[in-house]
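Have a look at the structure below before the remarks.
The values are calculated or read from the model by the stated rules, or taken from the named source; none is laboratory data. The shown structure was predicted, so the numbers you read here are calculated from the model rather than taken from an experiment. Here the Cβ positions follow ideal geometry from the backbone for every residue, glycine too, while neighbour counts run over all protein chains shown. Only protein heavy atoms, including side chains, enter the accessible area calculation; ligands, DNA and RNA are left aside. Shrake-Rupley method; radii C 1.70, N 1.55, O 1.52, S 1.80 Å.
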Amino acid sequence: MLATPDLSHLTRADWEHVYEPAEDTFVLLDALELDAAWLRSRQHCVCLELGSGSGCVSAFLAKIIGNQHLFLATDLNPYACSATARTAARNEVAVDIAQADLFSGLKDRLKGRIDVLIFNPPYVETEEDEQLEAQMGKDVQGAWAGGDGGMTVTNRVLDALPDLLSARGIFYLVAISQNDPQAIIESLNSRHFFAQISLKRRAGREHLHIIRCTR
């Protein structure tokens, strides 16, 4: 079992503004670890994490597949961008972080070039106004307020996926039961992807799913 990245540099003050890794983070790490050998076999990958938060997931991916790849991360929250940069430094990996709304400003340059795409979205169902306010606030609330069905932000990524993912690309998405993972899978498959649930775990009242999607 691979070690979770060192986050000891992040303080209580950081966690007031940045999503602290929880069970959804750890089930995503486990899904990546399950694919570690396959991911390591890939050459010269462009990896992108959307909404990187603490930087835990990006640092973990960089640790398991090595620094010969390009690791990118975005987050709308400036505190999260700082945390991701510091986590990369603490764990001696190279992650380029940009403050951005998902792939805003990067989509044209990265079109068809993302080999590993990771997204632990704001998946909690909220009113649309609450979701919009959370995103505009650029703070920790934006990490969980997901709008209608908890899918408002996720749907933006699903719509952009055909333009982002490379021919050999793989996409990891965290979802809960309220997001209707089977409907997400059917939506992806209808767009000529192959999607399936790679890992499931119960965490309190939440039933976490990792959806794994390839071309």
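Which whole-Hz ³J(HN,Hα) couplings does region 96-102 yield from phi under the Karplus relation 6.51 cos²θ - 1.76 cosθ + 1.60, θ = phi - 60°, glycine and proline marked x?
Calculated HN-Hα couplings, in order: 8, 10, 10, 7, 7, 7, 6 Hz.
Charges only on Cβ, +1 for Lys and Arg, -1 for Asp and Glu: so what's the dipole of the chain about the Cα centre, in debye to the nearest 20? Intermediate results must be reported in sequence, preceding the final value.
Values: 20 positive and 29 negative charges, 222 e Å.
In debye, rounded to 20, the chain gives about 1060.
Report, by chain and number, residues whose modeled amide H sits under 5 Å from the one on LEU117, excluding near sequence neighbours (fewer than 5 apart, same chain).
Long-range HN contacts for LEU117: LEU48, ILE170, PHE171, TYR172.
With the alpha-carbon atoms as the only input, what is the per residue convex hull volume for region 26-214 in Å³? Don't jump to the answer; show the numbers that get you there.
Numbers: hull volume 19.9 nm³, N = 189.
For region 26-214, the hull spanned by Cα atoms encloses 106 Å³ per residue.
When the accessible area of the chain is computed with all protein chains present and a 1.4 Å probe, what percentage of it is carbon and sulfur? The partial results should precede the final answer.
Details: 4880 of 9870 Å².
Carbon and sulfur together cover 49 percent of it.
Only loop residues by DSSP count here, and only those with at most 16 other Cβ atoms within 10 Å; note down the GluC sites (Glu not before Pro) in region 18-106 that meet that.
Numbers: sites: GLU23, GLU33, GLU49, GLU92; in loops: GLU92.
The qualifying sites are GLU92.
Could you give the accessible area per residue of region 119-215, probe 1.4 Å, as a whole number in Å²? List each step's numbers first, then the result.
Values: 4630 Å² over 97 residues.
Computed with neighbouring chains in place, this is 48 Å² per residue.
Could you derive backbone 3J(HN,Hα) for region 13-26 from the dihedral phi with the Karplus parameters 6.51, -1.76 and 1.60 (θ = phi - 60°), listing whole Hz in sequence and x where the residue is Gly or Pro?
Running phi through 6.51 cos²θ - 1.76 cosθ + 1.60 with θ = phi - 60° gives 4, 4, 5, 6, 10, 10, 5, 7, x, 9, 4, 5, 4, 6 Hz.
Using C-alpha positions alone, give me the convex hull volume of region 79-154 per residue in cubic angstrom.
Numbers: hull volume 8.2 nm³, N = 76.
Given the Cα convex hull of region 79-154, per-residue volume reads 108 Å³.
Among all the lysines, which ones have a C-alpha under 28 Å from LYS200's C-alpha, if same-chain residues fewer than 8 places away are not counted?
Hits, sequence-local ones excluded: LYS63.
Can you list the residues, at least 5 places off or on another chain, whose amide H is less than 5 Å from the amide H of LEU208, using H built in the peptide plane?
Placed amide hydrogens put ARG201, ARG202, ALA203 under 5 Å from LEU208.
Beta carbons within 10 angstrom, averaged per residue: use that to sort the peptides 71-84, 106-119, highest first.
Details: 71-84: 23.2, 106-119: 17.6.
Top of the packing list down: 71-84, 106-119.
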